[in-house]
1. How large is ³J(HN,Hα), in whole Hz, for each residue of the range 232-246 in order, when computed from phi with the Karplus curve 6.51 cos²θ - 1.76 cosθ + 1.60 and θ = phi - 60°, using x for Gly and Pro?
2. Using r as the Cβ-Cβ distance of Val51 and Ser325, and R0 as 45 Å, what FRET efficiency do you calculate, to the nearest 0.05?
3. Can you work out the FRET efficiency for the pair Glu212 and Asp355, with r the C-beta to C-beta distance and R0 = 45 Å, to the nearest 0.05?
4. Give me the percent relative contact order of the range 175-341, please, defined on Cα pairs under 8 angstrom at least 6 residues apart.
5. If I fit a long axis through the Cα atoms of helix 197-212 and take the longest principal axis of the Cα atoms of the chain, what angle between them do I get, 0 to 90°, rounded to 10?
6. Using the Cβ atoms and a cut-off under 10 Å, what net charge is assigned to the surroundings of Glu157, where Lys and Arg are +1 and Asp and Glu are -1?
7. List the longest stretch of the chain that has no exposed loop site; here a site is one of the chymotrypsin sites (Phe, Trp or Tyr not before Pro) assigned by DSSP to anything other than H, G, I, E or B, with at most 12 other Cβ within 10 Å.
8. Helix 90-103 sits at what angle to the longest principal axis of the chain, using alpha carbons and giving 0 to 90 degrees rounded to 10?
Amino acid sequence: MELTIDIRIQKTKQSKIQEVDFDQLEFGKYISDHMLVCDFANGEWQSPQIVPYADLSLSPAALALHYGQTVFEGMKAFRMTDGSINIFRMDKHYERFVRSLERMCMTIIPKEIFIEGMLQLIELDKAWVPSQPGTALYIRPFMIATEARFGVKISEEYRFIILTGPVPSLYANPIKVKVETEYVRAARGGTGFAKCGGNYGASFYPTKLAKEEGYDQVLWTDAKEHRYIEESGMMNVMFVINDTLLTAPLSDSILDGVTRDSLLTISRDLGYKTVERPVSVDELEAAFKNGTITEAFGAGTAAVIAPIKSIHIAGSDYQLPGYSSESLSAKIKLQLESIRAGEEDDIHGWNFILDVK
Ligand SMILES: *Cc1c(COP(=O)(O)O)cnc(C)c1O
């Protein structure tokens with residue numbers, strides 16, 4: 001790809017890569033040597049820079065710290081079978097970032113800074129992209145309001161940053177979840193579709209209560225009636241009922257997951273019945289009672305799929321059958337991983353390949 005912007009690169013004098021144990025990665029433990037930083041000030045985006053990863057200098061009055069103008073993305077780059085690096089669905093992540101920024105009244109980062117900045121950063125830190133099966137370079141673009149003011153206002157200054165770091169293959173142990181009928185993650189008209197910081201802070205307390213009751217996560221329901229299933233923790237949620245893959249349709253209270261979209265697309269490609277429509281708690285309960293539900297799982301970038309082993313509905317813990325390589329979710333996941341690794345044709349143009357062999 002031709003680069004159209006000039007990015008100043010200041011390389012680290014002391015790489016920390018030798019401190020990384022690539023055989024024992026932990027999610028979020030290691031951050032690569034460099035970060036991309038770009039400031040918005042005086043009404044315009046300044047030149048992006050790639051600098052050694054380091055603490056920020058920020059006013060304690062920075063608006064992000066008080067009023068929550070902060071938005072992030074979470075995406076991955078994979079080492080392909082032939083050694084090149086694949087940044088997965090970069091455009092779709094950029095588009096979602098823009099929607100999140102718009103909702104939070106934050107200045108839109110130009111696409112070329114997001115994309116070319118990310119490419120150059122990954123190229124520079126390519127040694128940090130792990131190659132063990134299932135591992136990836138996690139990429140965290142984010143933006144914060146940096147204007148220093150007491151008053152509640154829309155910030156006029158922002159900082160855009162991209163961090164990266166190697167993460168392990170997350171084989172998620174099947175989880176126990178409970179249908180949440182008191183607290184809500186997102187209401188219609190709210191910010192549920194945006195990856196903004198406040199959504200996560202607000203979800204900690206109900207999740208903590210669920211954990212105290214012995215569950216791993218909550219199944220969020222709609223804010224109005226607690227009648228329809230929306231998401232599972234910080235993932236989208238899908239069910240297989242009567243051999244049909246089901247998930248809630250997108251709305252402003254559902255995060256438009258890139259994994260969700262990829263799994264639905266692959267499921268259709270492979271010829272499985274795939275439907276986006278509201279799934280009610282009553283329907284789930286009935287499907288457990290008549291044995292038509294065979295799978296339930298969370299879908300997100302971190303684990304791709306997180307199988308669910310039981311769901312608490314109105315006083316009962318309903319068990320799901322065990323998850324195996326024959327599960328529909330396992331087959332779609334395998335196909336997704338094969339596309340990302342370059343072993344299956346990338347018919348939807350999801351891979352952006354950095355040739356760094
Ligand atoms: C990020 C996120 C997801 C999953 O999105 P992916 O793009 O698949 O990682 C789902 N729900 C919530 C609330 C999220 O924040």
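1. Per residue, the Karplus-derived 3J(HN,Hα) values read 10, x, 9, 10, 6, 10, 10, 10, 10, 10, 6, 6, 10, 7, 10 Hz.
2. Values: r = 45 Å, r/R0 = 0.99.
Calculated value: 0.50.
3. Details: r = 50 Å, r/R0 = 1.11.
Once rounded, the FRET efficiency stands at 0.35.
4. Working: 301 pairs, mean separation 40.0, N = 167.
Taking the mean separation of contacting Cα pairs over the length of the range 175-341, I get 24 percent.
5. Once rounded, one gets 40 degrees.
6. -1
7. Values: sites that count: Phe150, Tyr171.
Answer from the scan: 172-357.
8. The angle comes out at about 90 degrees.
Coordinate-derived values only; no laboratory data. Since the model is a prediction, treat every value here as computed from it, not as a measurement. When we count neighbours, we look across all protein chains shown, and the Cβ atoms used for this are built from the backbone with ideal geometry, even at glycine.
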